[in-house]
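**Student:** Provided herewith is a single structure, encoded as structure tokens, for subsequent inquiry.
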Amino acid sequence: MLINVHLFIYKHHTISRKQTNTICQLPLRPQRRANLDYDIRIKTVESNHFELQFLKDVMLHIYSFAIQPEPAQDSEKEIRKKFDEFKDEIYKAGIKRYCITGMNLWSYQLRQDAIHLEKVVNKEGKMILDIKYIKTINLKEMTKFDDQQSINVTKQAVNAILKQLYEQRNMKELFGKGKFYESNINQEKNLQKFNVGYMKGFRSALCNGQSSPLLQIDYSVKLINTYTILKMISDLKWKFDKHEIYEKLSKKLIGQSGLAQYSNRFYRINDIDFSRNPQSMMEDGKTTYRQYYQQRYKITIKDLSQPLLVHYTKKGQQIRLIPELMLLAGITEEQKNCNQLKKDLRPILIVNQNERQQRIMNERSVLEQLMKEQNIILKSNSKTQAYEIKKPEIYAEGDIKSFPGGCFEIKNKFYQQSELNSWVLIYNDREQQFADIFVNQLIYSGKHYGLIFSQPIRLKVQSYQSQDWVSCLKEDFEKNGIPKLVVSLIDQKEDKQIYQDLKQYLIAKEGVSHQNVTLQVIEKEKFGAIVPKIVQQIHSKLGNQTWNIQKIKEISDNIMIIGIDVYHKTVQKNDSCVGFNAQFGQQGYANFTKTLIVQKGKEINRDVAMLLEQSLEEYKNYNNKILPDTIIVFRDGVGTSQINKLYQEEVVTMKEIIKQKYNLKLPEFAFIMVNKRINDRFFSQSKENFGMIVADRVVSSHFDYFLIAQQVNQGTATPTHYTVLENSTKWTEDQFWKFTFYQCFNYKNWCGPVKIPACVQNAHTAAYRVGEVIKANASYYLETKLFYI
């Protein structure tokens, strides 16, 4: 059977600047005020984006190829080996230099006639290679178009050029497109005892700037476990029975990436199949896995009883992998908790701003020299205009102490004071001393901040069985009624099941706020300094304002701010969890939070419109039947390739709900896509860079902006990218910047700015708690409480 995979045909002459294959018409950038507020200051930074200029027409020719006998499509190493057998013949046919990407060949040399080559190789027998011309791309012309199809093709072409250049330097594309790493795994002596190595490299990819194409370059380090996944499985076999092994391995491996040593390709591990082993038949029913790897890769599998790892492709197909041949990318939870390993890895993983920038500039210089030969100029100037926004004022009843980086501390009274007269403290009867210390400290600290605690109902449990703890609570609730809060004191290492079962019972079934405190925290010498944080969490969970942020006068306070995020790595492996949080008013004086359990991997969901409808009803109930006049949605977790689907599935359905709920006058509405996992970097010599906006040069021709909201003490801050998909507001561009930054100070579990607006952080935390721990939607009674912080 011949492989003949074609790249989609792009007909250049049918596309004009006005034509686009996008469903949604992205809004234009709104007007930026000429005289910015006194609290917005212009500054100049440097970035990791460098202008690409094509001196003349750069023609790239694309070919499909077919090889017989058929190589494994996932093994680039094997495909290259077969191409090497025909190296001289391909050169004589006129293709002197080429790059293999997937099942296509890219070259500067044009050969329109098909190439058919045959050769007898001792080990392989007769080999056949067919190469067929598909199309030609003019890179210089292609960069003039800003529709998504043209951008995608240009990115593919530039990636093919980069891949060829990096291969000349013995670097391979791993972990995804545009990520190039040194071939060898570095194993320093101090890391060998932990079975950890690392690979150094760069992420180099084309991105569209406002007026020209840019090459984004970022330094990168990837950790690799140097012992096989089979070794991890074997280490657990003698400790646990089969059921426990599956549970332990699932937590350790599912969702992680594994490196196939035979192909240098990474696969995400979606499941573990204990019903099959290397001697099982493959899906074709003709060959066992053992035979396949022997024939295809000349690899003899030693352990024939090992289970198989399962990877799901984007099309839903299952690929089974051999643990013996796989290395785990990244490190395990046990390794993450090893203090010595963390200390040894710190200088490798955490690169300060100046060093990172120097490495990027050095890499740019190397690529510049190599690209000159391709008639491509890679410029060195990376200066970019930025804007520094002054942090908002923070209000509380008592004094507030400010710290560098925008952080603050409430010294005495919270913004709102309250009393807690009905609460339960549950603990093991052996931990009486811990309970006494905790209650005394909590009551004292609460009084200082304005949260007056009564003495709790104390429930002493005589066992460490979670069902006994739940039964004890049930008996108390029947006798004394449902309290406003339950506080549990448990051992962090030994009582994880108790913690999980208490969360499930209290949050999902009874609708009672729950605060857990570990015995290890109470044991610390500085426990007295930790208690205010616990008081703050309890105060927020009960629905009270701990502090308030400064309002923006030009923006209505009759506003609802929505955050949406999806958590995929749930305990129930077939599910994902959508988190939805709506904050009322700029200061978030009230909240509405819901979660949805959806099909695993489902990122985009029309049902968020239903949650919008429910949040509007809650807002109306809270505000004397008045609906908000402004709705702002921050949507996290979706890549740019999914914009069209996101717009159709969520934005359009939300707009339909809004039309149904309102009569004639519709509210101002904006829908903003939030991306945290990006490789954009901005370098400034200022000591503090939080509150920094970049909205020129490196952004698109539509409405988007970068924000560094948080201050980092080590390494380089990663900005968050905001792309506006819908905007009917009358806000200026700088008002969007300011509003987004201010909302990063509204997260009630951290006294300072967080990376993203508080509503998104709330949505993420709620989705995580429900998906990972509670495993069921929270009770109706907690929808207006921050039960998840």
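The values are calculated or read from the model by the stated rules, or taken from the named source; none is laboratory data. The model shown is predicted, which means the values in this text are computed figures rather than measured ones. Cβ atoms come from the backbone with ideal geometry, glycine included; neighbour counts cover every protein chain shown.
**Student:** Need at least 2 residues that are in contact (Cβ under 8 Å) with a residue 12 or more places away in the chain and surrounded by 17 or more Cβ atoms within 10 Å (Cβ to Cβ) per element, so show me which strands (runs of 3 or more DSSP E) inside the stretch 298-408 make the cut, counting only ones lying wholly within it.
**Tutor:** Ranges flagged: 308-312, 318-321, 326-329, 376-378, 383-389.
**Student:** Quick one: THR546 ticks every box in (1) at negative phi; (2) touching a helix residue (DSSP H, G or I) at 6+ places or on another chain (Cβ under 7 Å); (3) surrounded by fewer than 20 Cβ atoms within 10 Å (Cβ to Cβ) bar one, so which box is it?
**Tutor:** (3)
**Student:** Now for a different question. Scan the stretch 737-750 for residues that are surrounded by fewer than 22 Cβ atoms within 10 Å (Cβ to Cβ) and either at positive phi or in a loop (DSSP other than H, G, I, E, B) (or both) and report the count.
**Tutor:** Number satisfying all stated conditions: 3.
**Student:** Could you check the stretch 421-442 and list, in sequence order, the residues that are surrounded by fewer than 21 Cβ atoms within 10 Å (Cβ to Cβ) and closer than 16 Å to PRO532 by Cα?
**Tutor:** ILE437, VAL439, ASN440, GLN441, listed by residue number.
**Student:** Would you say ASN440 is within 21 Å of GLU523 (Cα to Cα) and either assigned by TED's automatic domain parsing to the domain that holds ASN746 or not charged (D, E, K, R) (or both)?
**Tutor:** When the stated conditions are applied, ASN440 passes them.
**Student:** Regarding the stretch 301-311, can at least one residue be identified that is within 17 Å of ASP235 (Cβ to Cβ) and of a type in the set (S, T, N, Q)?
**Tutor:** Keep residues of the stretch 301-311 that are within 17 Å of ASP235 (Cβ to Cβ), which gives 302-303, 305-307, 309.
Filter once more, keeping what is of a type in the set (S, T, N, Q): 305-306.
Yes: the stretch 301-311 contains one or more residues that are within 17 Å of ASP235 (Cβ to Cβ) and of a type in the set (S, T, N, Q).
**Student:** Over 25 Å from LEU162 (Cβ atoms) and β-branched (Val, Ile, Thr) - does that describe any residue in the stretch 209-223?
**Tutor:** No; the residues of the stretch 209-223 include none that is over 25 Å from LEU162 (Cβ atoms) and β-branched (Val, Ile, Thr).
**Student:** Would you confirm whether any residue within the stretch 259-274 is in contact (Cβ under 8 Å) with a residue 24 or more places away in the chain, within 22 Å of LYS231 (Cβ to Cβ), part of a loop (DSSP other than H, G, I, E, B) and among the charged types (D, E, K, R)?
**Tutor:** Of the stretch 259-274, the ones in contact (Cβ under 8 Å) with a residue 24 or more places away in the chain are 259-274.
From what is left, the residues that are within 22 Å of LYS231 (Cβ to Cβ) are 259-274.
Right, trim to part of a loop (DSSP other than H, G, I, E, B) and you get 261-264, 269-270, 274.
Of the ones still in play, those that are also among the charged types (D, E, K, R) are none.
Among the residues of the stretch 259-274, not one is in contact (Cβ under 8 Å) with a residue 24 or more places away in the chain, within 22 Å of LYS231 (Cβ to Cβ), part of a loop (DSSP other than H, G, I, E, B) and among the charged types (D, E, K, R), which makes the answer no.
**Student:** Considering each residue of the stretch 449-458, count those that are surrounded by 15 or more Cβ atoms within 10 Å (Cβ to Cβ) and not in a strand (DSSP E or B), and give that number.
**Tutor:** 3
**Student:** Okay, next question. Anything in the stretch 471-497 that is closer than 23 Å to LYS785 by Cα and surrounded by 19 or more Cβ atoms within 10 Å (Cβ to Cβ)? List them, or say none.
**Tutor:** Within the stretch 471-497, LEU473, PRO483, LEU485, VAL486, VAL487, SER488, LEU489 qualify.
**Student:** Let me confirm something: among ARG97, ARG111, ARG80, which residue is surrounded by fewer than 17 Cβ atoms within 10 Å (Cβ to Cβ) and modelled with pLDDT of 90 or more?
**Tutor:** Within the list ARG97, ARG111, ARG80, the selection yields ARG111.
**Student:** Any idea which of ASN605, ASN624 is more than 27 Å from the chain's Cα centre (by Cα) and not β-branched (Val, Ile, Thr)?
**Tutor:** On inspection, the qualifying residue turns out to be ASN624.
**Student:** Just one of LEU191, LEU139 is of a type in the set (A, V, I, L, M, F, W, C), over 23 Å from the mean Cα position of the chain (by Cα), at pLDDT 90 or above and over 25 Å from ILE79 (Cα atoms); which is it?
**Tutor:** Step by step, each of LEU191, LEU139 is checked, and only LEU191 is of a type in the set (A, V, I, L, M, F, W, C), over 23 Å from the mean Cα position of the chain (by Cα), at pLDDT 90 or above and over 25 Å from ILE79 (Cα atoms).
**Student:** While we're looking at this one, here's another question. If GLU668 passes every condition in (1) buried (at least 17 other Cβ atoms within 10 Å of the Cβ); (2) within 22 Å of ALA767 (Cα to Cα); (3) charged (D, E, K, R) but one, which one does it miss?
**Tutor:** Among (1) buried (at least 17 other Cβ atoms within 10 Å of the Cβ); (2) within 22 Å of ALA767 (Cα to Cα); (3) charged (D, E, K, R), the lone unmet condition for GLU668 is (2).
**Student:** Being in a strand (DSSP E or B) and over 17 Å from TYR768 (Cβ atoms) is the filter here, so list the residues in the stretch 577-618 that pass it. Even if it seems obvious, please write down each step before you answer.
**Tutor:** Step one: list which residues in the stretch 577-618 are in a strand (DSSP E or B), which gives 577-584, 590-599.
Across the stretch 577-618, the qualifying residues are ALA582, GLN583, PHE584, ALA590, PHE592, GLN599.
**Student:** Something else about it: Based on what the data block shows, is SER445 part of a strand (DSSP E or B) and buried (at least 18 other Cβ atoms within 10 Å of the Cβ)?
**Tutor:** For SER445, the condition - part of a strand (DSSP E or B) and buried (at least 18 other Cβ atoms within 10 Å of the Cβ) - is not met.
**Student:** For the stretch 409-444, which positions are touching a residue at least 24 places away in the same chain (Cβ under 8 Å) and touching a Gly at 6+ places or on another chain (Cβ under 7 Å)?
**Tutor:** Those that are touching a residue at least 24 places away in the same chain (Cβ under 8 Å) and touching a Gly at 6+ places or on another chain (Cβ under 7 Å): ILE410, ASN412, LYS413, PHE414, GLN417, GLN441.
**Student:** Follow-up. I need the full set of residues from the stretch 698-736 which are in a strand (DSSP E or B), among the aromatic types (Phe, Trp, Tyr) and outside the structural domain of VAL760 (by TED's automatic domain parsing), in order please. Let's see the steps before the verdict.
**Tutor:** Looking only at the stretch 698-736, we keep the residues that are in a strand (DSSP E or B), and these are 704-708, 720-727.
Restricting the remaining residues to those that are among the aromatic types (Phe, Trp, Tyr) gives 705-706, 722.
Correct list: TYR705, PHE706.
**Student:** Filter the stretch 162-204 down to the residues that are under 19 Å from ILE217 (Cβ atoms) and hydroxyl-bearing (Ser, Thr, Tyr) and list them by number.
**Tutor:** Of everything in the stretch 162-204, those that are under 19 Å from ILE217 (Cβ atoms) and hydroxyl-bearing (Ser, Thr, Tyr) turn out to be TYR166, TYR181, SER204.
**Student:** Would you please name the residue that is farthest from ARG346 (Cα to Cα), looking only at residues in the stretch 678-716 that are of a type in the set (Gly, Ala, Ser) and surrounded by 20 or more Cβ atoms within 10 Å (Cβ to Cβ)?
**Tutor:** Selected residue: ALA695.
**Student:** Would you check if there is a residue in the stretch 508-515 being in contact (Cβ under 8 Å) with a residue 24 or more places away in the chain and surrounded by fewer than 16 Cβ atoms within 10 Å (Cβ to Cβ)? Before the answer, list the steps.
**Tutor:** Keep residues of the stretch 508-515 that are in contact (Cβ under 8 Å) with a residue 24 or more places away in the chain, which gives 508-515.
Keeping just the survivors that are surrounded by fewer than 16 Cβ atoms within 10 Å (Cβ to Cβ) gives 509.
Yes - at least one qualifying residue is present in the stretch 508-515.
**Student:** So, of the residues in the stretch 762-785 that are in a loop (DSSP other than H, G, I, E, B) and touching a strand residue (DSSP E or B) at 6+ places or on another chain (Cβ under 9 Å), which turns out to be nearest to THR595 (Cα to Cα)?
**Tutor:** ASN777
**Student:** Counting just the residues of the stretch 130-174 that are more than 17 Å from PRO213 (Cβ to Cβ) and of a type in the set (A, V, I, L, M, F, W, C), which one comes out surrounded by the fewest Cβ atoms within 10 Å (Cβ to Cβ)?
**Tutor:** ILE134
**Student:** Now for a separate question. Restricting the search to the stretch 751-770, which residues are within 19 Å of ASN516 (Cα to Cα), buried (at least 24 other Cβ atoms within 10 Å of the Cβ) and not aliphatic (A, V, I, L, M)? Quick ask: steps written out before the conclusion?
**Tutor:** Residues of the stretch 751-770 that are within 19 Å of ASN516 (Cα to Cα), as a first pass: 762, 765-770.
Right, trim to buried (at least 24 other Cβ atoms within 10 Å of the Cβ) and you get 762, 766-767, 770.
Of everything in the stretch 751-770, just one residue is within 19 Å of ASN516 (Cα to Cα), buried (at least 24 other Cβ atoms within 10 Å of the Cβ) and not aliphatic (A, V, I, L, M), namely ASN762.
Yes/no per residue for (1) exposed (fewer than 15 other Cβ atoms within 10 Å of the Cβ); (2) within 32 Å of the chain's Cα centre (by Cα); (3) of a type in the set (S, T, N, Q):
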| residue | (1), (2), (3) |
| --- | --- |
| LEU611 | no, yes, no |
| LEU616 | no, yes, no |
| PRO628 | no, yes, no |
| ILE632 | no, yes, no |
| ILE643 | no, yes, no |
| GLU650 | no, yes, no |
| THR653 | no, yes, yes |
| LYS659 | yes, no, no |
| LEU664 | yes, no, no |
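**Student:** Considering every residue within the stretch 95-113, establish whether at least one is in a loop (DSSP other than H, G, I, E, B) and of a type in the set (S, T, N, Q).
**Tutor:** Yes; the residues of the stretch 95-113 include at least one that is in a loop (DSSP other than H, G, I, E, B) and of a type in the set (S, T, N, Q).
**Student:** Quick check on LYS81: is it over 27 Å from TYR297 (Cβ atoms) and either outside any loop (DSSP other than H, G, I, E, B) or touching a helix residue (DSSP H, G or I) at 6+ places or on another chain (Cβ under 8 Å) (or both)?
**Tutor:** Answer is no for this residue.
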